[in-house]
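Only one structure is covered here, and it is reproduced in the block below.
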Amino acid sequence: MAKVFTIAKGLENMGALRTGGQGSVYKGRRIGPIISAVKLLPTPVQSESEDDRNYRNFLNEVEKLKKVNEIPNPNVVKILNSGITESGSFPFIEMEFIEGPDLEELLKPPREAIFTVKETIKVADQLASALCHCHKVGVKHGDIKSNNVKFNIHTGNYVLLDFGLSAMSDEQRRSSMRHAGAIEFMAPEQNEGHLLFQTDVYGYGVILYELLAGQVPFPLKDNGETARNAVMIAHMEQPVPDLMELRRKNLPEAWSAAQKKREMMVPRWLLDIIAGCLQKQPEERYSSGMKLQEAIFENSIAELKADSGTDADEAVIKNQVEEAAQPAVVRHPNVAGQKGMIHISKPVFALLMLLLLGFMAFTAYSLIYKPAPPVNPISQSEVDTTKQVDTSSLMAENRYLKRKLKRLQTDSATQKAINDAVNGQQNTVKRDSTTVDTANKPNNN
């Protein structure tokens with residue numbers, strides 16, 4: 001593809017993606033396979049010096065935009081670079097290229113003219129997150145409209161794009177919006193060139209209204225100046241048409257009666273938030289994206305508590321809200337129809353995983369751990385030898401005691417015999433002495 005002009009060194013122009021009053025968006029490619037989106041602002045810079053007011057204003061606004069990416073947000077496009085084109089000296093902002101359709105494309109045939117309630121709540125939650133992220137760092141988008149919100153086919157998220165108006169000066173913004181802005185999404189105060197946080201909130205309300213009703217509150221019939229002025233006046237003076245009546249008229253014919261009935265049950269809190277965003281006076285709307293996101297969260301919790309009839313834990317309810325806001329567009333093909341699949345509940349799956357991990361840990365422990373050997377191991381033979389030595393000693397000692405006892409017994413018998421002999425000899429001598437005395441005694445007869 002031939003280059004229309006050179007964007008910058010190392011940044012190839014691959015052709016226009018979209019053109020408009022706030023500038024043109026081109027598909028760019030850096031050296032290599034990286035694809036980006038490049039927003040060119042319509043007012044050229046005469047010289048890249050602080051003396052040039054347009055250049056100075058551009059640098060000031062770019063510094064604000066850098067804050068948006070200090071903390072990444074999945075619902076806000078990443079701003080990669082900025083500068084002045086080599087040809088024409090146009091200011092440009094290089095952004096991440098998001099692959100997928102925008103909301104405007106998702107509402108055109110062959111798709112349905114309205115979103116389901118579930119998908120609308122998803123958009124409401126994620127777009128509020130994007131506005132909250134930008135407003136926290138002081139950045140006002142200024143061009144919230146359906147073709148500036150893309151559905152990322154790779155992540156399933158809705159992403160806010162095109163910060164072109166944010167990089168313009170007040171004077172440039174006022175002129176651009178008056179002649180070429182998306183008048184159907186413009187807040188009443190933008191007619192005077194004012195850009196507030198509440199201006200983004202108004203555009204947010206128009207988007208949600210369009211998703212549910214199938215059209216914006218005040219459609220533009222043609223691009224003529226008369227038609228644009230009529231829409232502008234309607235935003236400033238006319239009441240917003242009944243959203244639910246328009247939704248009933250635009251329900252797809254292909255939907256069943258049950259689905260039509262279910263899709264007409266739009267939560268009251270969501271309708272109230274949209275009505276609050278579309279107030280004519282800025283001070284009557286939500287003051288910022290932070291307040292808007294807070295309102296969505298609190299109303300979602302209140303509805304879930306009312307449905308359950310209990311004071312459920314807010315963290316659990318928040319998870320339920322986030323699960324309910326998961327994309328209904330991205331689905332793995334034929335997952336529900338696959339045969340041979342076993343579906344188990346999350347608690348059972350968690351228990352099985354814990355058992356598996358426990359078994360693996362036990363097996364690893366058994367393989368790795370080995371008992372430490374004793375410091376001075378003693379063999380069985382040594383123990384047996386010791387036992388034999390001890391037994392022999394006891395037997396020898398036993399024999400010695402027996403001999404000693406026998407010797408004592410013999411000595412005792414011998415001593416007794418000697419004593420008996422001595423006693424016997426003494427008795428004999430005594431008898432002999434008695435006989436002699438008797439013989440020597442005189443006979444008195």
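The values are calculated or read from the model by the stated rules, or taken from the named source; none is laboratory data. Just so it is clear, the model here is predicted, and its values are computed rather than measured. Glycine gets a Cβ as well: all are built from the backbone with ideal geometry, and neighbour counts include every protein chain shown.
Within the set P252, P241, the sole residue that is farther than 16 Å from L107 by Cα and either in contact with a His (Cβ under 6 Å, 6 or more places away or on another chain) or assigned to a loop (DSSP other than H, G, I, E, B) (or both) turns out to be P241. Here E171 meets the list (1) acidic (D, E); (2) farther than 21 Å from E96 by Cβ; (3) at pLDDT below 95; (4) within 33 Å of the chain's Cα centre (by Cα) almost entirely, failing just condition (4). The C-beta contact set for segment 140-158 (first residue among the hydroxyl-bearing types (S, T, Y), second residue in a loop (DSSP other than H, G, I, E, B), distance under 7 angstrom, 6+ apart or interchain) comprises T155/P74; Y158/N75.
Entry remark, segment 229-243: residues being surrounded by fewer than 18 Cβ atoms within 10 Å (Cβ to Cβ) and either over 22 Å from L212 (Cα atoms) or of a type outside the set (D, E) (or both) number 8 in total. Annotation: E245 fulfils all but one of (1) without any contact (Cβ under 8 Å) to a residue 40 or more places away in the chain; (2) more than 19 Å from F218 (Cα to Cα); the unmet one is (2). Restricting segment 175-195 to residues that are closer than 17 Å to A227 by Cβ, modelled with pLDDT under 65 and not charged (D, E, K, R), the residue that is surrounded by the most Cβ atoms within 10 Å (Cβ to Cβ) is M177. Which ones in segment 191-235 are polar (S, T, N, Q), touching a residue at least 24 places away in the same chain (Cβ under 8 Å) and either on the phi > 0 side of the Ramachandran plot or assigned to a helix (DSSP H, G or I) (or both)? The answer is N191, Q198, T199. Checking each residue of segment 35-48 against the condition of being under 30 Å from K291 (Cα atoms), in contact (Cβ under 8 Å) with a residue 40 or more places away in the chain, among the charged types (D, E, K, R) and out of contact with any His (no Cβ under 7 Å at 6 or more places or on another chain) gives at least one match. Each residue in segment 153-163 was checked for being surrounded by fewer than 21 Cβ atoms within 10 Å (Cβ to Cβ) and of a type in the set (A, V, I, L, M, F, W, C), and 1 pass. When segment 141-152 is filtered for residues that are crowded, with 21+ Cβ neighbours inside 10 Å and assigned to a helix (DSSP H, G or I), the ones remaining, listed by number, are S146, N148.
Scanning for something in a helix (DSSP H, G or I) and farther than 30 Å from H194 by Cβ, does segment 80-94 turn up at least one residue? Quick ask: steps written out before the conclusion?
Just the residues of segment 80-94 that are in a helix (DSSP H, G or I), to begin with: none.
No, segment 80-94 contains no residue that is in a helix (DSSP H, G or I) and farther than 30 Å from H194 by Cβ.
S288 satisfies every condition listed in (1) polar (S, T, N, Q); (2) within 16 Å of A187 (Cβ to Cβ); (3) at pLDDT below 95 except (3). When segment 48-79 is filtered for residues that are within 16 Å of H141 (Cα to Cα) and in a loop (DSSP other than H, G, I, E, B), the ones remaining, listed by number, are N73, N75, V77, K78.
Based on what the data block shows, is I274 free of Cβ contacts under 8 Å to residues at least 24 places away in the same chain and either under 37 Å from the mean Cα position of the chain (by Cα) or assigned to a helix (DSSP H, G or I) (or both)?
Values: free of Cβ contacts under 8 Å to residues at least 24 places away in the same chain: no; either under 37 Å from the mean Cα position of the chain (by Cα) or assigned to a helix (DSSP H, G or I) (or both): yes.
Against the criterion (free of Cβ contacts under 8 Å to residues at least 24 places away in the same chain and either under 37 Å from the mean Cα position of the chain (by Cα) or assigned to a helix (DSSP H, G or I) (or both)), I274 does not qualify.
Among the residues of segment 117-155, which ones are of a type in the set (D, E, K, R) and over 14 Å from L292 (Cβ atoms)?
First, the residues of segment 117-155 that are of a type in the set (D, E, K, R): 118-119, 122, 125, 136, 140, 143, 145, 150.
Matches in segment 117-155: K118, E119, K122, D143, K145, K150.
Counting only residues that are more than 17 Å from L208 (Cβ to Cβ) and touching a helix residue (DSSP H, G or I) at 6+ places or on another chain (Cβ under 7 Å), segment 244-254 holds 1 of them.
State all residues of segment 95-140 that are at positive phi and either surrounded by 19 or more Cβ atoms within 10 Å (Cβ to Cβ) or in contact with a strand residue (DSSP E or B) (Cβ under 9 Å, 6 or more places away or on another chain) (or both); if no residue qualifies, say none. Outline the logic, then answer.
Pass one, segment 95-140, residues at positive phi: 100, 138.
Selection gives G100 alone.
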